[in-house]
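Asks: Once you've had a glance at the structure underneath, I'll fire off some questions.
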Amino acid sequence: MKEDRELIALCARGDEDAFTILYHRYKSRLLNYFYRLFGNRERAEELMQETFVRVWRAAPKFQGKEATFRTWLYAISHHLAASQLRKRRYLSLPLSKESEEEHLSETNAVPLEQQLIKKEEEEIVKRSILRLPPRQREVILLRHYEGLTCREISDVVGCPLGTAKTRFHHGIKKLHTILKTELHNRA
Amino acid sequence: MIDCKKCLEGLSDYIYRQLPPQQMSAIEAHLSICASCQEEYKILSYTLKMLNKWEDIKVEPYCLAAIRARLHPERQKRSRHLPSYIQVGVLVSIGVIVLNLLFGIQGLIVPPLLEHLPAGWQSIQEAYSPLLLIGLLLSVGGILTLFSSPILIMKMITFRSISTEQRGGIPNDKSRTKH
């Protein structure tokens, strides 16, 4: 299996097969990163596509010595997300209903009651994450779902290491409070 | 033994197991004796556990096709332009229009021009007649129209059908409906 660095070097020479391998390697991560950041599937798909197009165009500029492909990819995603967040019009969008229905039908091996409880809990988590300030939300998403270290996050977001750690710490605290309130309201 | 500040700093790394074994053990030892850090650990691990309840969504297959269609902007740019034979046809048509315009205004511009001809060019002045010029312009315009129009129309039809085929199967970002 070829490494990301080799594949991006091939992309820089116009190899679309290498690009396709990279796409399949990172498509799910990127889509879900944007989905969790904005809570909207259509927006997430658009941004994921735009990220990959930018990766293809910027491939010759990739400096493998300074950054890993993963941090470079998330840095591109971060810039795109930041420009969308500046517009602020996608922040308050409700989560698309279709994904919920799709998810329920996919997991129909589990009893319906359990599915509904699981779904409800998932909804609470979604709502809670989307209520976080965007900067804290982004750091939590990168850390928890994308598996980046705080050092990598500071490179991606372009902030000092201490700031990345603080955002994560405060974000988790806030998220915990929101989750507690949401769960209390449900009960 | 580490203090509470050090412990809290490394707590998330500890949970994600991103610390060297020595530091992992140091935090573990501190947590076993410090109630407040233990509380922080519980909050963090509970919140992170809750985060796992938000499951991933799947990537639709059309996404790759949509990306591939955008990888080569120069190709897209070129395909948006009319082919060279259509451009020639358009230029010929413009030529016909110009000739017809000249036909309309030749009575105004030719006689004053002839009056100012140099001495050696008198034979042109003598040979000129409005009818001859009208005939010449109409003939040239007619020949150009005769050859260019059918080719132009046929090529236009072919070009439209090719473009439609090329677009088929690749959804447009803006026009794509919900999936």
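Asks: In whole angstrom, note down how far apart the Cα centers of region B:1-28 and region B:87-113 are.
Replies: 87
Asks: With each label point set 7 Å from Cα along the Cα-Cβ vector, what nm distance links A:ARG25 and A:HIS184?
Replies: Placing both labels 7 Å along Cα→Cβ, they lie 4.7 nm apart.
Asks: Step through the table entries A:LYS173/B:LYS58; A:LYS119/A:LYS174; A:LYS126/B:LYS5, compare each Cα-Cα distance with 27 Å, and write down the pairs that go over it.
Replies: Correct reply: A:LYS173/B:LYS58; A:LYS126/B:LYS5.
Asks: In nm, to one decimal, how far is the modelled label at B:ALA119 from the one at B:ILE143, with both set 7 Å along Cα→Cβ?
Replies: 3.6
Asks: For the residue pair B:GLN22 and B:CYS4, what label-to-label distance in nm results when each label sits 7 Å from Cα along the Cα-to-beta-carbon direction?
Replies: 2.6
Asks: Please report how far the C-alpha centroid of region B:50-68 lies from that of region A:119-187, rounded to the nearest whole angstrom.
Replies: So the two Cα centres are separated by 20 Å.
Asks: Compute the length gained on full extension between B:LEU132 and B:ASN52: take 0.36 nm times their separation in residues and subtract their Cα-Cα distance, giving the result in nm to one decimal.
Replies: 19.8 nm
Asks: Divide by every residue of chain A the summed helix terms, -39500 (n - 2.57) for each DSSP H run of at least 4, and state the resulting mean residue ellipticity at 222 nm, rounded to the nearest 500 deg cm²/dmol.
Replies: -24500 deg cm²/dmol
Quick note: the coordinates plus some simple rules give every number you see, no bench work behind them. What you are looking at is a predicted structure, and each value in this text was computed from that prediction instead of being measured. Every residue, glycine as well, gets a Cβ built from its backbone with ideal geometry; the counts of neighbours run over all protein chains shown.
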